[in-house]
Amino acid sequence: MNEERCKGCGFCVAFCPRHVLEMSERFNVKGYHPPEARRPDDCTGCDLCGHYCPDFAIFGVRNTDGKKNKAENKR
């Protein structure tokens, strides 16, 4: 997740089928609330968050080794 590109639209939160993301309480440099992975163990790496993000600020990565992905809060 590139927090500084995020404008806090919430599309990634709304379209996550596993409800991994929630809007955070903190602000980015633009003054928006970026999302956080509150349930990273539930992330499957489907990348719906990235497909719906109009600012290309977030994306999921699918593992090729068959293991479940884990979303991360990278700051």
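Some points to look at:
- Measuring nothing but alpha carbons in region 3-52 and taking Rh as the Kirkwood radius, the Rg to Rh ratio lands at 0.96.
- In this calculation the C-beta distance from Asp42 to Arg5 is compared with R0 = 30 Å, giving a FRET efficiency of 0.80.
- Paramagnetic label zone (point 7 Å from Cα along Cα-to-C-beta, Ala14; backbone N under 17 Å) in region 21-59: 21-24, 33-36, 48-58
- Sparsely packed loop sites in region 1-63 (the chymotrypsin sites (Phe, Trp or Tyr not before Pro) outside DSSP H, G, I, E and B with at most 10 other Cβ atoms within 10 Å) comprise Phe56.
Read-outs throughout are calculated quantities, based only on the coordinates presented, and are distinct from any laboratory measurement. In this text, all values refer to a predicted model and were calculated from it rather than measured experimentally. Here Cβ is always computed from backbone atoms with ideal geometry, including for glycine, and neighbour counts include all displayed protein chains.
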